[in-house]
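Here is the structure we will look at.
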Amino acid sequence: MCITLSLSSKPCIGVCNGSLKSPKSMVTTARTEVITAPKRPNTFPGLTKQGISDIDLRVQEVVRRQSWTNSLVGEVNCRKPRFEPMFIDDAYDKCRNICAEYAKTFYLGTLLMTKERQKAIWAIYGNNETLRTDELVDGPNAEYMSPAVLERWEERLQDIFEGRPYDMLDAALSDTVCNFPLDTKPFRDMIEGMRMDTRKSRYESFQELYFYCYYVAGTVGLMSVPVMGIAPESSVSAYTIYNAALYLGIGNQLTNILRDVGEDALRGRVYLPQDELAQFGLTDKDVFSRKVTDAWRDFMKEQIIRARTFFNLAEEGASQLDKDSRWPVWSSLMLYRKILDAIEDNDYDNLTKRAYVGRTKKLLTLPLAYTRALSKPSLYLR
């Protein structure tokens, strides 16, 4: 899908050598290289062609389904229940509060969206098929997780799309799927990611981790495209823009993983490719020891390069979105990059420290993101 990039002479573990229309409706010199979107690579190091193909087929299916339902939304795709205005407003507010609590960086970007898009994204992000399912795996209810529980959540998802919400959060999503051309496919894939979390706490290779990132975060990108909308003047394919949304989701998840290494280790989880740890002479014991060594720093540098590469690829779609969606998406993208900057500023200590972006830096990023959002959809994409 694009050229390979030569980013490092160290062991190659990151990137190495080498139409849906809208529904109705960094800072330092050393880091500025991430602002210009590169051409897309033909291969992703650490992934087999079969692995890339499997995800491509899933993306193509989502594009087909959500493009098809775009012309039928409100007719076939959902049965919109009737809610009292005060009830549905409270439902969206509850989703908003969950998003604000569990996804602070992402939430700031949603504040720049139009009201209807805000509510839809809060419903998607705050609903049981996203954060609530994640809390079942990592939160206080994790010990009660079982295949039967996840099967029930899948049934509940179907009920949401058929206008039979179980609670307020379900009601917000049920309302959203009738306002935007969303399909159940990415939501079901999200639940599959939760199943992965119940079965394993180690990932032998980046290919395994990539699939996990697709399921738990890339799917959120695919859910978001119909809400964000594609610019009417964009001449690139919906598939290209969906892929960019996928890469943004994966970049976000890789960043979350790098930020939370220490916290995950306390739960006995290591979301880092085991074979790549070994390339640097590291093992799980080094993670659990919580000691930052030169080998750890070198390893983390490569992981950060990989995450930034996915953000670079995500840029290709950000400027192809509906004009009212570009600023929040660019803001979210740039703010997440700053988490990677913060890991570097902490001298790669993500074992005992949690990298975060201060409020002042966040606010200073917004004008930069607005400038990027002013760019019109380009014609150079394939």
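The values are calculated or read from the model by the stated rules, or taken from the named source; none is laboratory data. Values in this document were obtained by computation on a predicted structure and should not be read as measured data. Neighbour counts run over all protein chains shown; Cβ positions are idealised from the backbone, glycine included. Side chains included, ligands, DNA and RNA excluded: accessible areas come from the protein's heavy atoms. Shrake-Rupley method; radii C 1.70, N 1.55, O 1.52, S 1.80 Å.
Only protein atoms count toward the accessible area here, which uses a 1.4 Å probe; on region 252-382, the carbon and sulfur part of that area reaches 54 percent. With a 1.4 Å probe rolled over the protein heavy atoms of all chains, the accessible area of Tyr271, Tyr102 falls in the order Tyr102, Tyr271, largest first. Shape class for region 165-217: prolate, because the ratio a/c of the largest to smallest gyration tensor axis (alpha-carbon atoms, square roots of eigenvalues) is 1.5 or more and a/b beats b/c. In a DSSP loop and with at most 12 other Cβ atoms within 10 Å, the chymotrypsin sites (Phe, Trp or Tyr not before Pro) in region 329-380 are Tyr380. Using just the alpha carbons, could you tell me how many Å³ per residue the convex hull of region 273-330 encloses? About 104 Å³ per residue, rounded to a whole number.
Largest to smallest in accessible area, the residues Lys323, Lys362, Lys353 fall in the order Lys323, Lys353, Lys362 (1.4 Å probe, all protein chains included).
Annotation note: GluC sites (Glu not before Pro) in region 205-305 located in DSSP loop regions with a Cβ neighbour count of at most 14 within 10 Å are Glu233. Take the cross-link list Lys119/Lys323; Lys285/Lys353; Lys285/Lys338 and give me the ones stretching past 23 Å between alpha-carbons. In this structure, Lys285/Lys338 lie more than 23 Å apart at Cα.
Only protein heavy atoms count here; on that basis, with a 1.4 Å probe, Asp89 has an accessible area of about 80 Å². Taken over region 240-342, the percentage of Cα pairs per 10 Å bin, counting from 0 up to the bin with the maximum distance, is 15, 42, 27, 14, 3. For region 154-259, the normalised intensity computed at q = 0.21 Å⁻¹ comes to -1.14 (log10 of I(q)/I(0), Debye sum over alpha carbons, equal scatterers, no solvent). Accessible surface calculations at 1.4 Å, restricted to protein heavy atoms, place region 188-273 at 25 Å² per residue. Given a 1.4 Å probe and the protein chains as shown, Phe180 ends up with an accessible area of around 10 Å². Working ranking of peptides 244-250, 289-295 by packing, defined as the average number of other Cβ atoms within 10 Å per residue, highest first, is 244-250, 289-295.
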